[in-house]
Each structure stands twice: as C-alpha cells, then as structure tokens.
C-alpha cells in the first residue's frame, strides 16, 4: 500500500550547489579575479541599506539634472534595472544607453515607486562604450517587429528579457516536475531516417553542401554521408516510444523542425517541444491527468519564481491574470469529446458565424478551437476522441470504430497547446495501418517490433513550448518567444 | 557585503511536485484507470515485507525448476530487475524473455544476494507476448556492437539502461547546478546562417528535399526556403555570447552537429553539449572555477542519485572509482600552461615514445592529452594558454603576443572533456581577425556589434555531454552513450 504521495517521491533531492567554492565575498570586490560578478537581483534582494556594493551591467537610460544624475543599470536578472543616483552630474558624463559599467557605491532605500533599493554611486567606470548615435535600442518603446530586426541586441530589451527569464524558468520547471514524477529524460535525435510524419514539410540534411556528396566510407557519390536519406525530425514521438517500452515513463525536451511555408506569426521552422510517453496506461483520462499535471505544476513553478515577469505580461489584462490562476488552481480542466465539441459549436454558429461550418467528421479549425477555449470555456479544455480519419495512423482506435483515443488541450491564445493519444499497440492492426499509409517498405519495422516484443497499452503527448509561453505572455507572434526565430524567408545569425 | 554562499542563492526553490493529484493508492490497484503504474524502484524502496503489490514491467529472464519458478522483471527504473518467485511453476508457463507482464503478489525479504526484496506472485498476466524464437535480446551477455544493431531493443539491456539513467540524471544535475548559480538557460538555434566555425564539416539544410526549392514568399527558385544558406550548428557559442551581453550568466544544453567522416567510436554526427558564457570576467581562472565547479557538482549529483549505475561501471575497476572520488573531492584540479605541458611531454618522450614529437607551437595530439591525464596527473587537469595559431579567431590574446587565454580540461578516458576561453572583446582587434579569416563580407557584423555596444571582458566553455558520460562509464564508443547514435554511414530509425 502506498500513500497518495507515491508519485511525488523524489529521486533528485535538490540542494543548492555552489559552483565556485573558492570565492569569497563577491560583491565588495567588484572586478577582482577569481569570482563571478553577482547579479543585480542578488545585490538587491540580499542587500541592506548602507552596504557597500559593486555592481556591473548595461545602462538602459541616463537622466542628467542640474545637481543629480540617474542611470538605470540592468543585467538581465530582473524585470527592472537598478536605479543608480549620482550626486555629481559629472559622474554621468561618460554614460550612454547601452554602455557597460562597473559602479561602486552604497545601497539605499529608494524613494521611487518602481524599486525598493537603489545604489548611491561613489565611482562610475565605463567598461565598454556604446555610441549613442548608432546604438539601436533606445529608451522609447520599440515594436516587437523592430526588435526582431536587431535580434542580437533585443535580449537587452525589457520584453525579451522577461520572455527569456520565463523561458529559462519554465524549462527548469518542466524538468523538475517530470523528474519528481520519475520520468526518464531521453534525448531523441534531430537527425532521422524516419519520414512518415512530416507530410512533405520536412527539411533534408546533406553533408558537404549538396545531396551528391560521397559516402565517407565507400567514397561512392550519391550514397550520401549517412548512406540513406536523412531529415530533421518533426517529432520525437516514435523514438520516445522505443524508450517507453523499456523505462515506463519517459520524456524529451528537444527542438523539432517543420518547413512550414506560412508567413504568419503562428509557426516556427525550429521550435521546442516537451513530449512525454507512458507505458502500461489503458486510459485516456490517465494521460490527461499527466498532461494537466504538467501544465499546472510548471505554471505554479513560474508563479513561484517569475511572478514579476508574469505580472508584466498580465499588466492591465485581467483575463491573462485569471488564466494563470485558472491553470494553477485545483479544479480539473474540463474534458469534452469531439462530438460534444461539435454540438457546442453548431449551437454557437448562429451567433459566432464561423467561416467553416462545424460538422462531425471534419477537423476543428482554429476559429472553432478559439471559440471553445476563449468564449465557451474561457480557460483550458480537453477535447477527446476525434474521428479516426482526421488523425495519424498510430492512434489507438476506440471501440466505436469511428474515433480514436486522442486528446487536444485547447487554451486561450495559441488554441492548441498539447496533443496526444493512446497508441495503437496491436501488432496486426497497426501493421495494416502502416501498410495502408504507404510504408510497406519495412522502414517502420522497428516501430512495429515494439508491438511484437512485450507490447503494452501506452500513450503520450506533445506540448509546444513556444505556445505554452505564448499563452502566458499573450504575445501575438511565436517569433518573439524563442531566442533566435527561424521561419520561411528568415534565418538570421 | 555578501557571505561565501552568495553564488548558491537559489532562484528555483525545489519542491516535490505531484503530477497526478487525483491518484489514490497506486500500487495496490494495478491497472486501474486514472493513475500511472508505480515504478519498480518505488515499489521496492517504499515497500515493506508482506505488502500487497502489483508490478508491471518486462521479463528479462525466466527460470523454471521442478517446484518453483523465477522471473526477473524490469521497468528501467533500477539497475537490476525485481525477482518474482512463483510457487507453482505452471504460473511461468506463458512467460518468455521480453514479454510484458502484470503481476500481483506480496513483497518479501529476498534470500538472494542481488536484491533486498522480491515479489511472491499470486497472479501472473502476460500483457504483451514476445516470441522467444525471434526476440533478439537474450539473457546472455551481448556485445555493445551487437546491441547497436538492434537500437530499438537495446534500451532494455542492463548496460544501456544504466547509461540512460545516468544520462537523464546528469542532465538534471547540470540544470540544477547552473540554475542554482543564476545562469539563464538559452535555447541557441540548431539552424544557423553562420558558417564560420565548421571547417567544412557542417551539414546543409534544405526544404523540399533539394537545394533548388523555391523561396516560399517570392516563389523564385534558388533562393531556398530561408532566402540564405542554412547549416546545422556546430556550436552555440556565438549565439550564446549575444545573450551573455544581456544576462551576464547564460548557458545552453543543445545538440550540435558535425559531418565528421571518422569511422572510429570517438565522434558522433549529432552530439550534445553544455555551453556556458559569463560576462564581466577578466580572468581565465574564474572561468576554470566555473567549469571545474560544474563538473564537480554534476558528478556529485550523480553520486547522490545514481550510485548503483556508477558502481556498475566502476565494478572491478579501481581506477574509475578513484576518478569519481577525485572529480568530487574538494582538491582543486591541477592547472598548467601549454608551455608547462610541452615541457612535461618532452621529458616523458624518452619513455613514452610519442608518435608525434611534442614541440612548442604545435597542437597537442590525443596521445599527448592521454599521457597528461592518464599517466602524469591520473585525473583531471586544465591546460591553459595555447599558441594563438592553434586556436580560433575569437579567443582573447595574451599580453605575450604568442598565446591566447584559453583552457582545455583533460580527463582520463575521452581526454578533452571541456574547452573554453576568454573571448576577444576589443572591437578593432577582433574586426581585423575576422577579416583576416575571410569573413569580411559583413556576415559577422552582428558578432562584432557585441564589441561596439557595451562590450565586456567575457568568456565561456563547452563540455561534450557524451564525453562526460564516457569518462564516468569507461565505455569505449560514444555511440553507446546517446539514445540514437548518428555517424558516418549510419542513421538508423
């Protein structure tokens, strides 16, 4: 007998681990060799008024008045920079937006509303200049479209800074939640000989710059570097199933690639996905429990650690703040079948006037998903058991013969956040499906083998990581939610 | 003033997070809907003799005697499977190696030496059969070469199972250590227009299966999908520097790609790297502190959580056990200059009889690195300040005009585990270097811009993740340290 907390057993007991054992006091010896400079967050959160400090960072803005000067110094560790006050305006003479600085002084309670503590400067040293004539990032509010044009400078902006911290923290949350629940992290490959899922939207990979490069061992041209056609993966699922058939609970957190020609802000050519796969589960509701738990716990992790950033994006937006609360509260996310969804949509059609009429047997369109998540449920909702004809060959058929045991998690914003299913684990049935899809050449024999040797009922899901961040930030374009966006017509840097 | 523990401040306070809030007792209701099956590790570690349990997993071996039968059942959560005893040999009738099972019974103290607890079976149910005639993985010891031929089955073997758990735990350790030290995780891109590092060993990427596919927006053939040549990244460093110029401490943990034609077990076409970059550091010794701390803390994390697996690979191998202790103890790793290394090697040459004579100005060969790490220091050693001519353009020159501020961490086994440097942060000097390297076309202007706007002395390093695991496991081929190895002539699945 196990208690309720059985799944919470922690293999990876956490402890704070110091990298630098030899470092002494690291804020009062700014620039001294042998220690990393402290982050500004650390200086501010651990400091007391009157303490001597040395801070380093980049100047976001300078304001010089008659008898005093102010600078905002940032180092990406907080939403806002640290305010530095200079009693002698001459101290600010060499400062300009974008330059890097090392400043010594004293911490002091701030009279301003935007920060709790400020630094009263004693010395100001410019580490690296920044020509104000040319520095492209100014104090004024830039559009995200403009920031994307200066992709190597935009990390210093407040919005991209907040996105970056959320992104980093969210990945940590995902790992923590899944390790806490005994999932084994599998590094599924980016390069794959498997091309059964891409629908033609895969990227091909060649060594030596062209498809005809010779085989490295035989020297024969045309064989290619690997001796077979190789694509960039569109999903780690099939590979993950291999490891689920040995480790019971596995996940991957990897880039995936689609040569999607869309010019909208909804698609990236390179994006990140969390994918999980569990053996020995016979029920879609168990799978939804896992998916729901992952979203809830990861979001709670963000609330606990990046509240400022979540607040920044929910500023003046009650709907977004409500959504974050809804994602993390204990109330189960609603679960409806595709058939019920069609029913809701048909009843709503008179008022909503959908471009595509909702009809049983057809795929849900974005406008339908948006209506369900944003208008009807106003929060996350699982839609299950879609018609088999609208879904891939590997999904497990339901007893009704018409639908498959699958689920999509719809949310306000990106609409489809997560998609998953139980997998067909019956060898003969799956073999016929594979052959009818045109893969009778044996290229999926390895995948079928998983059903020949110790098959188990199993299932899994994938969650688009940029879509997850899009939901929390409300940013329109996924291009602003990844450090270096790649999409049709664009691969900068 | 900050205390010594300043760098250990934890942004991501850990807590055990349950995914499945609704699950009740999950081991006594085996197969019941709504809860994940517990792992065998959980069953064994949390169980008490006499407890009713249900276990699921895959049969590794069956042994039928006259009055009793035994089966070893594994689910990848432990080095060894759980021993199941069946008082009636008939219960084992349907069992064969590789089949999946659900077994109910009672936990009992085991009389065997290899496990503390076993399961006395009450019922045995085969979930998925496994034809013993064809199942390729037998109880007998297979070679790693053979296991690689059955890449979709090998995760069920004891060795690959141990590697996989080490790998998963090591990644978690890396994230934990770097987050504990306030590093921001940056997802540097796999697709890049930057091709200045590959030395011709880069993979090219095309949409639509061939280089001539039209531009998706203009429709013009020859432009390609992105409108520019795109490669798979060989390193995230340059992109990471962009974010280090905004976040001070950043890291990436990503796949990298090299079309290395080598047929040996030392190189993968797709491999994983941990790369870290720090702004505002002026000293190589600080950088080595960070690199050394990462190796020490991650290895300690593995000792704490995967001691069985480390022990498995160090079995009958005192050198490996000593190495793990050496990596984790508090003694600093020795640090010598390249010049001192050449001196040591020249003195050793009479006895060691190197194929390549050690000579100042030439790159260190593998045999030299091996001698230093394995014979001379018998453990990790940093070698610093190599001749500039042997190193890439972005490394920071030393005042002597002949060497650069770089470091390699050499270890027994893979030899070079980590490589890093301070980066040239002087705009004019770096611009001349870039141009002399043939990149005067403006393609690196963005990289140079980092030195124009708020440049800081900075540096970073990369650590090969498979090499790190190779050091700990002693496995000869890196092909056995990644779930799906890709190398010249081979891209299975």
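Each reported figure results from applying straightforward, stated rules to the coordinates on display, with no laboratory input. Just so it is clear, the model here is predicted, and its values are computed rather than measured. So basically every Cβ, Gly included, is an ideal-geometry build from the backbone, and we count neighbours across all protein chains shown.
Sorted from closest to farthest, the other copies place their residue A:353 label points 9.1 nm away, with each point set 7 Å from Cα along Cα→Cβ. For the peptides A:421-434, A:241-254, B:179-192, B:50-63, the ranking by packing is A:241-254, B:179-192, B:50-63, A:421-434, with the highest mean count of neighbouring Cβ atoms within 10 Å listed first.
Calculated mean residue ellipticity at 222 nm for chain A: -8500 deg cm²/dmol, from DSSP H runs with n ≥ 4 weighted as -39500 (n - 2.57), summed, divided by the residue count and rounded to 500. In summary, the convex hull built on the alpha carbon positions of the range A:266-311 has an orientation-averaged projected area of 5.2 nm².
With a/c under 1.5 counting as rounded, go ahead and sort the range B:454-493 into rounded, prolate or oblate using the C-alpha gyration tensor (a ≥ b ≥ c being the square roots of the eigenvalues; past the cut-off, prolate if a/b is larger than b/c, else oblate). Oblate, because a/c is 1.5 or more while a/b does not exceed b/c. Could you state the angle between the C-alpha long axis of helix B:284-305 and the longest principal axis of the C-alpha atoms of chain B, as a value from 0 to 90 degrees rounded to the nearest 10? With rounding to tens, the tilt is 0 degrees. Helix B:318-328 axis versus longest C-alpha principal axis of chain B: approximately 60°, rounded to the nearest ten. Extension gain, residue A:389 to residue A:443, is 17.2 nm, computed as 0.36 nm per intervening residue step minus the present C-alpha separation.
One quarter of the convex hull surface built on the alpha carbon atoms of the range A:78-212 amounts to 15.6 nm², the projected area averaged over directions. The alpha carbon radius of gyration of chain A, expressed as a multiple of 2.2 N^0.38 Å, is 1.14. Shielding by partners for peptide B:279-286, expressed as the average number of C-beta atoms from other protein chains within 10 Å of each residue's C-beta, is 6. Placing one equal scatterer on every Cα of the range B:370-493 and applying the Debye formula, the log10 ratio I(q)/I(0) at q = 0.13, 0.20 Å⁻¹ is -0.71, -1.05. Of the Cα atoms belonging to the range A:84-132, the radius of gyration and Dmax stand at 11.5, 32 Å. When every Cα-Cα distance of the protein assembly as shown is counted in 20 angstrom steps from zero, the calculated P(r) takes the values 13, 45, 35, 8, 0 percent. Using alpha carbons only, the radius of gyration of the range B:305-391 set against its Kirkwood radius gives Rg/Rh = 1.06. Remark: spin-label model distance residue A:116-residue A:88 equals 3.2 nm, labels positioned 7 Å along the Cα→Cβ axis.
I need the shape label for the range B:61-113. Rule: rounded when a/c is under 1.5, else prolate if a/b > b/c, else oblate, with a, b, c from the alpha carbon gyration tensor. In terms of gyration-tensor shape, oblate. Taken over the range A:259-370, the percentage of Cα pairs per 10 Å bin, counting from 0 up to the bin with the maximum distance, is 11, 24, 38, 25, 2. Could you pull out which residues in the range A:305-324 have an amide N less than 13 Å from a spot 7 Å beyond the Cα of residue A:80, following the Cα-Cβ vector? Of the residues in the range A:305-324, A:308-309, A:312 have backbone N under 13 Å from the label point off residue A:80. Counting every C-alpha pair in the range A:364-434, the share spaced more than 18 angstrom apart comes to 42%. Across the copies of the chain, residue B:63 has label points (7 Å from Cα along Cα→Cβ) spaced 7.9 nm apart, shortest distance listed first. For the segment A:290-299, counting C-beta atoms of other chains within 10 Å of every residue's C-beta and taking the mean gives 3. At q = 0.24, 0.28 Å⁻¹, what log₁₀ I(q)/I(0) does a Debye calculation on the Cα points of the range A:43-86 give, no solvent, two decimals? The calculated log intensity ratios at q = 0.24, 0.28 Å⁻¹ are -0.92, -1.09. Each copy carries a label point for residue B:120 at 7 Å from Cα toward Cβ; from one copy, the others' points are 7.8 nm away, ordered from shortest. Out of all Cα-Cα pairs in the range A:37-140, roughly what percent, to the nearest whole number, are more than 16 Å apart? Everything past 16 Å amounts to 52 percent. Pairs of Cα atoms nearer than 8 Å and 6+ residues apart set the relative contact order; for chain A it is 12 percent. The mean count of C-beta atoms from other chains within 10 Å of the C-beta of residues in B:236-242, rounded to a whole number, is 3. Relative to the dominant Cα principal axis of chain B, helix B:338-352 is inclined by about 60°.
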